[in-house]
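Worksheet for the structure shown next.
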Amino acid sequence: ARGRPLPRLPSWAVCAATLLQPKVAPTVLLLVKSGGPKAVPDWQSCFRRHDPRLDVRCWTDPGVDPAAVRYVVVWEPEEGRLSAMTGLRAVFSSAAGVDHITRVADWPRHLPLVRMGGDDTAQRMGEYISWSCLSLLRDARTFALAQPEGRWAHRETRFSAPQRTVGILGLGNLGAAAARMLQGLGFPVRGWSRSRKALPGVESFAGAEELPAFLAGTDILVCLLPSTPETAGLIGAELLVQLPAGAGLVSAGRGQHVVEPDLVAALDSGHLSGAVMDVFATEPLPPDSPLWRHPRITVTPHIASMASRQERARYVAEAIAAQEAGRPLPNLFDPAKGY
Ligand code: NDP
């Protein structure tokens, strides 16, 4: 039969053959900038478990044509990178906050910007806030300072959880999860947000006009706000003075919320009894910052809540599948609200 022309198939047969062909879904190119190049093999194996169609590449892979990229998972993208990706369908923040993307001049405003969500992020933030509030309640900083000196800093514990009200600035996904855990520990909980909330057992305060009443009854102030022009510098001298004497602060939203010299002044004057800080105006916190060595401040290096790669890959893969199937994306950034 070699050399002999193949018989022409009737058009109905071509049609049937095409329909019967196994469908091979096209690969979808996803770039990841989170954890550096060393983390990429781990990201690839995490994503493979959830959607093998995703071709996961490193943010700095020189072999990638920017126009072929369909999705990105990023932390602090450099200027010019996102706008060069002309075939992009959505941007995923590798964290719950998106201010590290929206401050880049050329971030693609016409595309959906998805904030990292999911149960693991909320669980971990709830754990951090619970640990911080218990640390302040039991004055853990005093014992941490006494230990290297071999000093037996015996003292009575003044309060138990039911006697200290925790006030959460920002009662969104993370604030609500933290509230539930704190209630489980016995803390009375109140929250402040833009719109009123109906969370069981949580006293809700809304808007600027209700902020003074919220602060007046707060013994431990927890910040879980997003970074926006409205929330920048909110936790300064004017706000701190409205807290009862001896109050504590947990700062886990963004460093831009706290006026650091005002916080140090409130601690030095004794008006505040202690602070646990995870986020700072400059990160990493510079070695010469007075916050490092302050006897009333516990510093952690922005580790309050980062879901596991496996969980983040699952969340992103499910969102991409939704988008590709024409279903809505979860947890979208709202440009009108700024978060
Ligand atoms: P959400 O958007 O779910 O919640 C934000 C909350 O803040 C909402 O309750 C919102 O009010 C409230 N809010 C925003 N602006 C104002 C305002 N001007 N006045 C009063 N209330 C306001 O965000 P998430 O809970 O998912 O995350 C919160 C923030 O936590 C992130 O933006 C990020 O900065 C930070 N974060 C920190 C991490 C860390 O490791 N330290 C990890 C993850 C996140 P309303 O409900 O009425 O809209």
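What to note about this one:
- Residues within the range 97-130 that are more than 18 Å from residue 318 (Cβ to Cβ), away from the ligand (no atom under 11 Å from the Cβ), part of a loop (DSSP other than H, G, I, E, B) and not β-branched (Val, Ile, Thr), tallied: 8
- Remark: pairs (first residue in the range 187-209, farther than 14 Å from residue 169 by Cβ; second residue of a type outside the set (A, V, I, L, M) and modelled with pLDDT of 95 or more; Cβ separation under 6 Å; 6+ apart in sequence or on different chains) = 188/165; 196/204; 201/183.
- Residue ID - nearest to the ligand (Cβ to nearest atom), chosen from residues in the range 235-262 that are in contact (Cβ under 8 Å) with a residue 12 or more places away in the chain and farther than 16 Å from residue 167 by Cβ: 254
- Of all the listed residues (273, 227), the sole one being modelled with pLDDT of 95 or more, within 14 Å of the ligand (Cβ to nearest atom), hydroxyl-bearing (Ser, Thr, Tyr) and surrounded by 15 or more Cβ atoms within 10 Å (Cβ to Cβ) is 227.
- Condition check for residue 64: touching a strand residue (DSSP E or B) at 6+ places or on another chain (Cβ under 7 Å), assigned to a loop (DSSP other than H, G, I, E, B) and either farther than 23 Å from residue 254 by Cα or at pLDDT 95 or above (or both): yes
- Of all residues making up the range 151-170, the number that are closer than 15 Å to residue 220 by Cβ, at pLDDT 95 or above and outside any helix (DSSP H, G or I): 9
- Top-ranked residue of the range 303-339 - restricted to ones that are touching a residue at least 12 places away in the same chain (Cβ under 8 Å) and on the phi > 0 side of the Ramachandran plot, ranked as surrounded by the most Cβ atoms within 10 Å (Cβ to Cβ): 331
- Residue count for the range 39-61, restricted to those that are farther than 23 Å from residue 80 by Cα and not in a helix (DSSP H, G or I): 4.
Each row is one residue, and each column tells you yes or no for (1) in a strand (DSSP E or B); (2) farther than 26 Å from residue 76 by Cβ; (3) over 24 Å from the mean Cα position of the chain (by Cα).
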| position | (1), (2), (3) |
| --- | --- |
| 248 | yes, yes, no |
| 253 | no, no, no |
| 256 | no, no, no |
| 264 | no, yes, yes |
| 267 | no, yes, yes |
| 276 | yes, no, no |
| 283 | no, no, no |
| 288 | no, no, yes |
| 312 | no, no, no |
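- Single condition residue 92 does not satisfy, out of (1) surrounded by 21 or more Cβ atoms within 10 Å (Cβ to Cβ); (2) in a loop (DSSP other than H, G, I, E, B): (2)
The values are calculated or read from the model by the stated rules, or taken from the named source; none is laboratory data. On a predicted model such as this, the values are computed, not experimentally measured, just so you know. Backbone-built Cβ (ideal geometry, glycine too); neighbour counts: all protein chains shown.
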